[in-house]
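Visitor: Dumping the structure here so I can ask a few things about it.
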Amino acid sequence: MMNIERFVCNDIRENCYVVSDSSKECVIVDCGAYYEAEKQALKKYIDDNTLTPTHLIATHGHVDHHLGDRFVYDTWGLKPEVPVSDEAFMQQLPEQAVAIMGLQLSQADFAPVGRYLAANDTISFGDHTFTIIETPGHSPGSVFFYCEEENVAFSGDTLFKGSIGRTDFQGGSMFMIIQSLRHISQLPDATQILPGHGEMTTIGYEETTNPYLDR
């Protein structure tokens, strides 16, 4: 069984997740922890549950999902693993910080990328494995991390409860995100969707209520 803890981070209220199982290994997904209290809450949860972080993974390359990467790197030695098609964004994180959040940061405030992920890569920890579903549209490299065994998917900013991610950023495409949504709508209706912002939902709920899945 997988345990999932959500941390709402930074001024954009980005969702960071810690995913663990009985092995006590864990994966950190989309670490946007910017303020010291957010970083310490993340560390406290991991310490209190005697977890060992083994991967820091990101659904895409937008800065609000990477503000805590340096903290994770300095604390546990993990470098972010990021979809390869968002490599350009990872090289422009300080510029993104100014443009999107009004933050003056340097490249040294972010962790070096450890691995660029392709569609056939997997993320394994403990007794579980995430596969990668490419979902371009919000950004060129946006992905779902999907655990078929647990019927859970981390959707980043592609799919939200009742909505979808913006497509007006650099590299965004409404056409591509609609194609991606058609692809992921083939997942089982009971699949839990853990988005990059907002509350958890399911594929079945979105198919019946989200206007973007009905196109």
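The values are calculated or read from the model by the stated rules, or taken from the named source; none is laboratory data. Quick caveat, the model's predicted, so the values are computed rather than measured. Here the Cβ is made from the backbone with ideal geometry for all residues, glycine too, and neighbour counts use every protein chain on show.
Visitor: Report, ordered by the first and then the second residue, all pairs with beta carbons closer than 6 Å, sequence separation of six or more or different chains, a first member in the stretch 1-15 that is on the phi > 0 side of the Ramachandran plot, and a second member that is surrounded by 13 or more Cβ atoms within 10 Å (Cβ to Cβ) and of a type in the set (S, T, N, Q).
Guide: Taking only residues 6 or more apart or on different chains, not a single pair turns up.
Visitor: Please name all residue pairs, on different chains or six or more residues apart, with Cβ atoms under 6 Å, provided the first residue is in the stretch 108-129 and is at pLDDT 95 or above and the second residue is surrounded by fewer than 12 Cβ atoms within 10 Å (Cβ to Cβ) and in a strand (DSSP E or B).
Guide: Thr129/Thr122
Visitor: Specify the residue that is nearest to Glu134 (Cα to Cα); the eligible residues are those in the stretch 43-76 that are touching a Pro at 6+ places or on another chain (Cβ under 6 Å) and surrounded by 24 or more Cβ atoms within 10 Å (Cβ to Cβ).
Guide: Taking the stretch 43-76 as the starting set, the residues that turn out to be touching a Pro at 6+ places or on another chain (Cβ under 6 Å) are 56, 58, 69, 76.
Adding the requirement that they be surrounded by 24 or more Cβ atoms within 10 Å (Cβ to Cβ) leaves 56, 58, 69.
Numbers: Leu56: 18, Ala58: 13, Asp69: 22 Å.
Taking the candidates together, the pick is Ala58.
Visitor: Filter the stretch 112-134 down to the residues that are in contact with a Cys (Cβ under 9 Å, 6 or more places away or on another chain) and not in a strand (DSSP E or B) and list them by number.
Guide: Kept after step one, since they are in contact with a Cys (Cβ under 9 Å, 6 or more places away or on another chain), are these residues of the stretch 112-134: 125-126, 128-131.
Correct list: Gly126 only.
Visitor: Next up: Which condition from (1) surrounded by 16 or more Cβ atoms within 10 Å (Cβ to Cβ); (2) part of a loop (DSSP other than H, G, I, E, B) is the one that Ala190 breaks?
Guide: Of the numbered conditions (1) surrounded by 16 or more Cβ atoms within 10 Å (Cβ to Cβ); (2) part of a loop (DSSP other than H, G, I, E, B), the odd one out for Ala190 is (1).
Visitor: Can you tell me which residue is nearest to Ser142 (Cα to Cα) among those in the stretch 171-192 that are without any contact (Cβ under 8 Å) to a residue 40 or more places away in the chain and among the polar types (S, T, N, Q)?
Guide: The qualifying residue nearest to Ser142 (Cα to Cα) is Ser173.
Visitor: With the structure loaded, tell me whether Phe89 is of a type in the set (A, V, I, L, M, F, W, C), at pLDDT 95 or above and within 28 Å of Ser23 (Cα to Cα) or whether it fails that test. Explain how you work it out, then say what you get.
Guide: Numbers: of a type in the set (A, V, I, L, M, F, W, C): yes; at pLDDT 95 or above: yes; within 28 Å of Ser23 (Cα to Cα): no.
No; evaluated as a whole, the condition is false for this residue.
Visitor: Return yes when Gly68 is on the phi > 0 side of the Ramachandran plot and small (Gly, Ala, Ser) and no when it is not.
Guide: Values: on the phi > 0 side of the Ramachandran plot: no; small (Gly, Ala, Ser): yes.
Judged against the criteria, Gly68 is not a match.
Visitor: Counting only residues that are in contact (Cβ under 8 Å) with a residue 40 or more places away in the chain and not small (Gly, Ala, Ser), which one in the stretch 81-99 is nearest to Asp11 (Cα to Cα)?
Guide: Step by step, filter the stretch 81-99, then rank; the result is Phe89.
For every residue, the table says whether it meets (1) under 23 Å from Ser124 (Cα atoms); (2) aromatic (Phe, Trp, Tyr).
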{"residue": "Ser155", "(1), (2)": "yes, no"}
{"residue": "Leu159", "(1), (2)": "no, no"}
{"residue": "Gly165", "(1), (2)": "no, no"}
{"residue": "Met176", "(1), (2)": "no, no"}
{"residue": "Gln179", "(1), (2)": "no, no"}
{"residue": "His183", "(1), (2)": "no, no"}
{"residue": "Gly196", "(1), (2)": "yes, no"}
{"residue": "Ile203", "(1), (2)": "no, no"}
{"residue": "Tyr212", "(1), (2)": "no, yes"}
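Visitor: Suppose we keep only residues that are assigned to a loop (DSSP other than H, G, I, E, B) and among the aliphatic types (A, V, I, L, M) within the stretch 102-111. Which one would you say is nearest to the chain's Cα centre (by Cα)?
Guide: Ranking the candidates gives Ala111 first.
Visitor: What's the number of the only condition in (1) touching a residue at least 40 places away in the same chain (Cβ under 8 Å); (2) more than 14 Å from Thr59 (Cβ to Cβ) that Pro195 fails to meet?
Guide: Failed condition: (2).
Visitor: Provide a single number: the residues in the stretch 1-26 that are among the hydrophobic types (A, V, I, L, M, F, W, C), surrounded by fewer than 16 Cβ atoms within 10 Å (Cβ to Cβ) and more than 18 Å from Val72 (Cβ to Cβ).
Guide: So the count comes out to 1.
Visitor: Now for a separate question. For the stretch 139-149, state whether one or more residues are touching a Pro at 6+ places or on another chain (Cβ under 6 Å), without any contact (Cβ under 8 Å) to a residue 60 or more places away in the chain and outside any loop (DSSP other than H, G, I, E, B).
Guide: No, there is no match, as no residue in the stretch 139-149 is touching a Pro at 6+ places or on another chain (Cβ under 6 Å), without any contact (Cβ under 8 Å) to a residue 60 or more places away in the chain and outside any loop (DSSP other than H, G, I, E, B).
Visitor: While we're on this one: Could you count how many residues in the stretch 22-43 are under 11 Å from the mean Cα position of the chain (by Cα) and free of Cβ contacts under 8 Å to residues at least 40 places away in the same chain?
Guide: Residues that pass the stated criteria total 1.
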